[in-house]
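All remarks here apply to the structure that follows.
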Ligand code: DC
């Protein structure tokens, strides 16, 4: 019986997780699961329902009620909230910051964690997030933790925001990333940190293809992968 792997990719904002995760999933023929998009969907749902992010119990109740679907191939992944396409709406700077806030609420995390485990249970997934290797799949077959220089990350994110039509100054982007890093790393429940058995990759001076190549070289060395996928 061929067992497909669970590949975890964690790391701070704009470290290259989604670009490389999508490419990697495509090459492996695996499903790409963007867990950050799920936190973003909760933030958007709360904003649309007029629920302040500080009202934790209401946000948790809402998280339990909404349906979040990730559909389509890795590079054309679409995100739906109760059947409505929210792919673009969740990429604004406001929702980025709000997602980081709602992701610190333990009840929100517990609800999404359950769904993420169901989505990845059969393997054959590349899952991108902050706590995949530490909490969602502590037994993931291969765990990557991406890091990159702060200025480089801010440059990448600022460019991405401009391409999406959000005109933000570099200083604003830098501030947003610093605040998110701090919040994501310091929350009490499932903070952002590398799993002890993760492979740390510094993407500062690498192109996405170079990062993917490195990832593939680690994956190919994995016992199960080598057994199931003769070269
Ligand atoms: O990866 P992203 O920028 O789309 O994630 C948005 C926010 O969601 C991020 O600031 C932290 C949070 N997040 C999390 O806490 N755990 C995850 N597994 C994924 C994202």
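Any read-out appearing in this document is the output of simple, stated calculations on the displayed coordinates, not a laboratory observation. Quantities reported herein were computed from a predicted structural model and do not represent experimental measurements. Cβ sites come from the backbone with ideal geometry, for glycine too, and all protein chains shown count toward neighbours.
Structure remark: mean-square fluctuation, Gaussian network model of the chain, C-alpha springs under 10 Å; the largest value among 33, 66, 86 belongs to 66. Between 31, 44, 214, the Gaussian network model of the chain with springs among Cα atoms under 10 angstrom shows the greatest mean-square fluctuation at 214. You can think of it this way: the chain between residue 160 and residue 66 has 31.0 nm of extra reach, that is 0.36 nm per residue less the Cα-Cα gap. Against the chain, whose longest principal axis is taken from its Cα atoms, helix 208-220 shows a tilt of about 50°. Under the classification rounded if a/c is under 1.5, otherwise prolate if a/b is larger than b/c and oblate if not, where does the stretch 36-75 fall, given a ≥ b ≥ c as square roots of the Cα gyration tensor eigenvalues? In terms of gyration-tensor shape, prolate.
Take every DSSP beta bridge whose two residues both sit in the chain, then give the antiparallel share in percent to the nearest 5. For the chain, the DSSP antiparallel bridge percentage is about 25.
Relative to the longest principal axis of the Cα atoms of the chain, the long axis of helix 106-120 lies at roughly 30 degrees. A Stokes-Einstein calculation at 10 °C with viscosity 1.306 mPa s, built on the Kirkwood radius of the stretch 167-211 over Cα pairs, returns a diffusion coefficient of 122 µm²/s.
Full extension of the segment from residue 55 to residue 73, taken as 0.36 nm per residue of separation minus the current Cα-Cα distance, would add 3.0 nm.
I need the shape label for the stretch 3-85. Rule: rounded when a/c is under 1.5, else prolate if a/b > b/c, else oblate, with a, b, c from the alpha carbon gyration tensor. Prolate. Could you list the residues of the stretch 1-21 with an amide nitrogen less than 13 Å from a label point located 7 Å from the Cα of residue 221 in the Cα-to-C-beta direction? Within reach of a label on residue 221, which here means backbone N under 13 Å from a point 7 Å along Cα→Cβ, the stretch 1-21 contributes nothing. For the chain, a Gaussian network of Cα nodes joined below 10 Å ranks 205, 69, 197 by mean-square fluctuation, and the top entry is 205.
Label-to-label distance, residue 27 versus residue 139, with points set 7 angstrom from Cα along the beta-carbon direction: 2.8 nm.
When 119, 215, 38 are arranged by Cβ crowding within 10 Å, least crowded first, meaning fewest neighbours, the order is 119, 215, 38. Look at the Cα gyration tensor of the stretch 144-231: its axes a ≥ b ≥ c give a/c of at least 1.5 with a/b at or below b/c, and that counts as oblate.
Helix 35-49 axis versus longest C-alpha principal axis of the chain: approximately 20°, rounded to the nearest ten. For the chain, the relative contact order comes to 33 percent (Cα pairs under 8 Å, sequence separation of at least 6).
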